1. Where residues in the range 102-116 are open to solvent by 30 Å² or more (accessible area, probe 1.4 Å) and at negative phi, which of them is nearest to the ligand (Cβ to nearest atom)?
2. Which members of the range 268-281 meet the condition of being open to solvent by 10 Å² or more (accessible area, probe 1.4 Å) and within 13 Å of residue 205 (Cα to Cα)?
3. Among the numbered conditions (1) acidic (Asp, Glu); (2) within 16 Å of the ligand (Cβ to nearest atom); (3) in contact (Cβ under 8 Å) with a residue 12 or more places away in the chain; (4) open to solvent by 20 Å² or more (accessible area, probe 1.4 Å), tell me where residue 71 comes up short.
4. Among the residues of the range 37-58 satisfying the criterion of being under 15 Å from the mean Cα position of the chain (by Cα) and aromatic (Phe, Trp, Tyr), which is nearest to the ligand (Cβ to nearest atom)?
5. Could you list, in sequence order, all residues of the range 95-136 that are more than 20 Å from the chain's Cα centre (by Cα), in a strand (DSSP E or B) and of a type outside the set (D, E, K, R)?
6. Report whether or not residue 186 is open to solvent by 10 Å² or more (accessible area, probe 1.4 Å) and closer than 17 Å to residue 157 by Cβ.
7. In this structure, does residue 32 turn out to be in a loop (DSSP other than H, G, I, E, B), at negative phi, open to solvent by less than 20 Å² (accessible area, probe 1.4 Å) and among the β-branched types (Val, Ile, Thr)?
8. Find the residue count for the range 123-156, including only residues that are hydroxyl-bearing (Ser, Thr, Tyr) and closer than 14 Å to residue 207 by Cβ.
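The values are calculated or read from the model by the stated rules, or taken from the named source; none is laboratory data. Computed from a predicted model, the values in this text were never measured in an experiment. Cβ: placed from backbone, ideal geometry, glycine included. Neighbour counts: every protein chain shown. To get the accessible areas, we keep the full protein, side chains included, count just its heavy atoms, and leave off ligands, DNA and RNA. Shrake-Rupley method; radii C 1.70, N 1.55, O 1.52, S 1.80 Å.
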Amino acid sequence: MSNHKISIASLLILNVLNTFGQGKTPISKPLVSHIYTADPSAHVFNGKIYIYPSHDIDAGTKEDDEGGHFDMKDYRILSMDSPTSKVKDNGVALDIKNVKWAGRQMWAPDAAYKNGTYFLYFPAKDKEDIFRIGVATSKSPIGPFKAEPEPIKGTYSIDPAVFKDSDENHYMYFGGIWGGQLQRWKDNQYQGKTDNPKKGEVARLPRIAKLSADMKSLVEEAKEVKIIDEKGNLFMENNNDKRFFEAAWVHKYKGKYYLSYSTGDTHNICYAIGDNPYGPFTYKGIVLKPVLGWTNHHSIVDFKGKTYLYYHDTEISGKTHLRNVKATELKYNIDGTIQTLESFK
Ligand code: FUB
């Protein structure tokens, strides 16, 4: 082999090593590669899997500390007959130009179903650049969705996750710090622009509120969801490998409530267990270790007796804001704890 060939070969190898994070290979493959997708909220409706992701695009917006480069403008829903079958992209389900109150940045959505209607919950910045959460409805799980003219009163920040309890009540969890603006809210009142939470402070907590019978409003003021350690203490901001940052998700397993979330700047998906939807939730460990890219965001869904983790990384693009959704099986130990997933093999 000539020197020239060797150097091309070593460049290629280096490229592969970089792409796969110091020579490691991700545990699963992107579900789609024709568009960038992230923050997958997966649900089983009518026996099929529907994934409600963010639709990442390169909008040309400069990267900043507030996540301005995550400048998404619409939602597209993915569907599949089973976790291993072909993935269908069902086209644009909601475009920001059809949401009267929204200014920019359609971030991580979620969905729910009740009485013949599908509900898409989504965060976006309003015309004053403050994150709010909106709702849109459709008779089909893939849309098109029609947005309500105003955001849901009493909601703020990002990452809505709607949990349906066994008694049919629905609860919305929401919130995310830093660019997600949760630190700007105290007692549900907007405090204006503030600094990011500081190391010596008690960590900010996700919010919960019960949804109304028509699923379009909150029936109560949002409350903080306490995440505590084994001694009953709240985490401080400097416990940033365990404290809540964004991406709350709640699921139920054997009568217990599991709250999982991203730790943001330490890039874990962690979880905590509670006895009711409001908590407190006691910290138990890591669901998914850091993936390629800065953000880590997931959902957990059961399908035909198995549990699946939907998540994303940046395997295809290598760029923080251009992500691709993935899925892998999630397993429990006999005591109900979750078996931690490495994101690389
Ligand atoms: O996709 C934009 C934001 O990135 C989400 O809302 C966060 O959870 C993070 O994944």
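1. Among those that are open to solvent by 30 Å² or more (accessible area, probe 1.4 Å) and at negative phi, it is 104.
2. Of everything in the range 268-281, those that are open to solvent by 10 Å² or more (accessible area, probe 1.4 Å) and within 13 Å of residue 205 (Cα to Cα) turn out to be 278, 279, 280.
3. (4)
4. For the range 37-58, the residue satisfying everything is 52.
5. Listed by number, the residues that qualify are 103, 117.
6. On the way: open to solvent by 10 Å² or more (accessible area, probe 1.4 Å): yes; closer than 17 Å to residue 157 by Cβ: yes.
Taking the combined requirement at face value, the residue satisfies it.
7. yes
8. The first filter runs over the range 123-156 and keeps only residues hydroxyl-bearing (Ser, Thr, Tyr), leaving 137-138, 140, 155-156.
Narrowing the set further to residues that are closer than 14 Å to residue 207 by Cβ leaves 155-156.
The number of residues fulfilling the criteria is 2.
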